[in-house]
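Starting off with a structure, shown below.
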Amino acid sequence: MTPTTLLRVAGSAARRLLGMAVTLLVTSFLVFSSLYLAPGDPASFLVKGRSASPQELLAIRQQYGFDDPFPVRYWHWLEGVLHGDLGRSYLFHQSVGEVLAARLPATLLLVGVAALLIAVLGVGAGIVGALRRGTRTGSAVLLLVTVGAAVPSFVAAIVLRSVFGVQLGWFPTIGNGTDLLDRLHHVALPAIALSVTFMALVTRVTRSSMLDELRREHVEVALSRGLPRRTVIRRHVLRNALGPIVTVGGLLVSGMLVSTAIVETAFGMSGIGSLLVQCVDQLDFQVVQAIVLLVVAVFVVVNTVVDLVHPLIDPRVRAAGGAR
Amino acid sequence: MPILEYEALEVALPGMARPILDGVSLSVAEGEAVALVGESGSGKSVTARAALGLLPAGARVGGQVRVGGAELIGADADTVRAVRTGKASMIFQDPRAGINPVRRVGDFLTEQLRLVGGRSKAEAEARVLELLGAVGLPDPPRHLRQYPHQMSGGMLQRVMIAGALTADPRLLLCDEPTTALDVTTQAEIMAILRRLQREKGLGLLLITHDLDLAAATCDRIYVMYAGRIVETGTAAELLAAPRHPYTAGLLGSSPPLHGELTRLVPIPGSPMSLAQSAPGCAFFDRCHFAQPGRCDQAAPPLAPLGAGMVACHRVDELANSAAQEIR
Amino acid sequence: MSISTSLLGNPLGALRRIGGGPLTRVSTLVLVLFVLAALFAPWLSPQDPTFGELGNNFVAPSPEHWLGTDGGGHDTFSALIEGTRTSLVGPLAVVVFATIGGIAVGLFTAWRGGWVDTVVGRVLDILFAFPALLLAILAVALFGKGLTAPVLAMAVAYLPYTARLVRSLTAQEKVRPYIAAYQVQGHSAVFVALRRLLPGIMPTVLAQSTVNFGYALLDLAALSFLGLGVQPPTPDWGAMINQGQAAVLQGEPLSAIVPAVAVVLVVVAFNVVGEHLGDRLAGRES
């Protein structure tokens, strides 16, 4: 890489990181101000449903600086968030950070296993669908994609729980599990339920991206040079088809995180998703706000990373100077 | 023994009115340069690809194609691979489409040697650097690390030629190798191809729509129309005295390479698509000399005439005079 | 519009005119049936779905209870029919608001161009980071359970998709000669945009909205499934699945499976019909 290309790559990376910072700032502002959309007095909204003494209300007023001008309040809040202070949960009588930290590992395991399933089975089915186009297998993949995209995680959860949990008794139907093996045993059905819709989307993208690449002339050239078909598919078709697959994968992250709310609730698991539902249900707005911010932030960060990685997947992007 | 030999090759797609190739016979001897000339859609590219066992998916195929004595039609995968990795190579029209844009140029050049030839990376690179020198690419080691989009079309076509030579083929198939390049580069690429062909004594089949280029580069020429060979002969003969009205038309419709520009006479109409078929001569609708009741009854056979062969019902009457006139 | 009017005359003929493969026709039929069920629910449902007969719970399908009863003795078939209303009205509202809003934003930004276009484009980009279901959940946290707040929140979440589509279509159309011709004739920009340009791009926008309808239905059903959307005893598919969960653990999955199948059927049908509309438009253009 020449120094000028290096400079250009660094420049475009810097621009993307700056863009990410701005997006995060704007989203944090939106999430922060949402509190003031709630009907009534914000202080009493925060302790809604629980009896609060005038002293407690006063304490909240001071903590949130409700008497300060709006930008000052935002600035204080943002300062706290940047230092890891996400407020206090009135439901658990803990700091929001502690509440989240206790439930994060379970959700990470769930999302991780689901992502693995999506990457292996989704991409695999897409490859088969493209290579076997026009055959019985190819049509079966298309049918699975159409149905899979329409099976919401709560339906998948009900069916999986009913068949493999209750009828066959192969998997536990509730809870998180204790040691690692037990946790994996518990997370299997939820992870499948979580991955169905997204797997269908990834399969569809992989299939169409593979089909686009299969038509390229350089594929014929590679075949004309006597390279085995399998090698050509791996080195020239799949490799070139990766760009759209990774991009779509990044876009699915937020949807997956939100769907953990459904899956964790359906399987009685304790995690960030079920916490969100519980806190909406029991009016613990601080926690809700923190989770919304977390989901959006993860989405923004992941997609910035995807953008940054893209030139490695497709060197032509590098030449374009990272222009969108 | 010819290095490349087609015998009555027939390729047809189901649902089409006429076959893509209809009884194509053609041969290229070792060390001989032969051109196959025709408009786009005439089937010349399909002919060339057949020599590497690359046929349209779902096509019905008849006849024979032999490369270095090995029969390709109905051959098993090993035979096809042996032809592709040691007997014949193809240079494609557009190097920008023909070389994977997301891999390095060095990767394209060495992959055949490494993945099929079983050479180590170092061996393959040494061989490739030598070939890059032979095709006149300056500073070869630097280009190995570049991506295709970082090189010009002319340089990439040199890479494509070097890539075609890595397996030491005896036959070079060139499918419009200069069409995608700008004019100044075209001459350079053709000069490189001719030099390599002579030095190594390769058989060369040049696919082109440009009869003048074919005549300037090759020993013999086949003219193809609607999936059939309509005229063949030595380059000098064909250029001086074309006998098929289509060949004459091709000469009339291209600006002369040397000398003053005379008025261009385009061939009227457009070539026949695969969805059309005709009981008689396929060129009937566009021919100045077509005689209803004769030319549209049966397809003219390719018959010997002098040193070459022509497929035209009226070739004797027209002789040289009429064809000369249209020129 | 033309589909419903011609349906009154010759239902089968209308179905045939829709074209497409058998999958498209079956999907259209499924949608028509569910819309009819929603329109005539009170007359179609054999029993009152809010009336639970104690001691009559988990009855297997029978002539009296076509799809059996749930754990509270409610007739599942009747609940399914009555639930069609809330389950379809919610997504309809989301799509109508998102489409109108998206058209307004898209037309305006593409017509104005310049910095307005850039700024609004950036804001829409940021909105993409908020999944519809997350915004809906946030709306429930702020305004309480029910359908109104989540529907409005989801309309905001779906708006960028329509807006982006309308923006790019308008940008393409705006440079065509016929638009300039209308403007030369002295028609106002608003008139040209709404009466001349919009009708041309409307079919493509509606194809997108049809697909959006399916996704909105999924999101709202998920919300009700979480117990945050439609509240019992109002019949709703998502809420039915939620109620049926406990029964699944008791080995009586039917009352949860029935509404689940309905959700999947309708969403598949909307996707198939929406994609068919999109394909047909693409085919017409090429």
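The values are calculated or read from the model by the stated rules, or taken from the named source; none is laboratory data. Everything quoted here is computed from the prediction, not taken from an experiment. With ideal geometry, Cβ positions are generated from the backbone for all residues, glycine too; neighbour counts draw on all protein chains shown.
Hey, any hits in the range C:242-256 for a residue that's in contact with a Ser or Thr (Cβ under 6 Å, 6 or more places away or on another chain) and more than 9 Å from chain A (Cβ to nearest Cβ)?
yes
Within the range B:120-129, is there a residue that is more than 18 Å from B:Val83 (Cα to Cα) and of a type in the set (Val, Ile, Thr)?
Checked the range B:120-129: at least one residue is more than 18 Å from B:Val83 (Cα to Cα) and of a type in the set (Val, Ile, Thr).
Considering (1) in contact with a helix residue (DSSP H, G or I) (Cβ under 7 Å, 6 or more places away or on another chain); (2) touching a residue at least 12 places away in the same chain (Cβ under 8 Å), say which one C:Tyr215 fails and leave the rest.
Failing condition for C:Tyr215: (1).
I'm trying to understand the selection: among the residues of the range A:198-208, which are surrounded by fewer than 24 Cβ atoms within 10 Å (Cβ to Cβ) and of a type in the set (S, T, N, Q)?
A:Ser208
Next question, about the same structure. What tally of residues in the range B:25-53 results from selecting those that are assigned to a loop (DSSP other than H, G, I, E, B) and more than 14 Å from the chain's Cα centre (by Cα)?
3
Among the candidates A:Val287, A:Val296, single out the residue that is more than 9 Å from chain C (Cβ to nearest Cβ), in contact (Cβ under 8 Å) with a residue 24 or more places away in the chain and in a helix (DSSP H, G or I).
A:Val287
Name the residue, out of A:Ser224, A:Ser274, that is among the polar types (S, T, N, Q), within 11 Å of chain B (Cβ to nearest Cβ) and buried (at least 21 other Cβ atoms within 10 Å of the Cβ).
Answer to the check: A:Ser224.
Against the condition within 11 Å of another protein chain (Cβ to nearest Cβ), touching a residue at least 12 places away in the same chain (Cβ under 8 Å) and crowded, with 16+ Cβ neighbours inside 10 Å, how does B:Arg81 come out, does it pass?
yes
Shifting gears a bit: From the list C:Glu275, C:Glu173, which one is of a type outside the set (Ser, Thr, Tyr) and within 14 Å of chain A (Cβ to nearest Cβ)?
C:Glu275
Just the residues that are out of contact with any Pro (no Cβ under 8 Å at 6 or more places or on another chain), small (Gly, Ala, Ser) and either within 12 Å of another protein chain (Cβ to nearest Cβ) or more than 14 Å from B:Asp168 (Cβ to Cβ) (or both), please, taken from the range B:105-149.
Scanning the range B:105-149 gives B:Gly106, B:Gly117, B:Gly118, B:Ser120, B:Ala122, B:Ala126, B:Gly136.
Right, something else. Taking the residues in the range B:61-109 that are touching a His at 6+ places or on another chain (Cβ under 8 Å) and aliphatic (A, V, I, L, M) as candidates, determine which candidate is nearest to B:Glu123 (Cα to Cα).
Selected residue: B:Val105.
Touching a helix residue (DSSP H, G or I) at 6+ places or on another chain (Cβ under 6 Å), within 14 Å of chain C (Cβ to nearest Cβ), within 16 Å of A:Val280 (Cα to Cα) and of a type outside the set (D, E, K, R), is that true of A:Leu24?
no
Related question: Have a look at A:Val232, A:Val300, A:Val292, A:Val317 and point out the one that is under 30 Å from A:Leu7 (Cβ atoms), out of contact with any Pro (no Cβ under 9 Å at 6 or more places or on another chain) and not charged (D, E, K, R).
None of the others qualify; the one that does is A:Val300.
Kindly establish whether A:Thr173 is closer than 20 Å to A:Met199 by Cβ, touching a helix residue (DSSP H, G or I) at 6+ places or on another chain (Cβ under 7 Å) and not aromatic (Phe, Trp, Tyr).
Criteria not met by A:Thr173.
Can you pull out the residues in the range B:176-189 that are touching a strand residue (DSSP E or B) at 6+ places or on another chain (Cβ under 7 Å) and crowded, with 22+ Cβ neighbours inside 10 Å?
Scanning the range B:176-189 gives a single hit, B:Pro177.
Could you give me the residue pairs with C-beta distances under 6 Å whose first residue belongs to the range C:17-45 and is under 15 Å from C:Thr210 (Cβ atoms), whose second residue is modelled with pLDDT under 80 and aliphatic (A, V, I, L, M) wherever it lies, and which are 6+ apart or on separate chains?
C:Thr28/C:Ile18
Assuming C:Thr234 fulfils every condition listed in (1) surrounded by fewer than 21 Cβ atoms within 10 Å (Cβ to Cβ); (2) in a helix (DSSP H, G or I) apart from one, which condition is it?
Answer for C:Thr234: the failing condition is (2).
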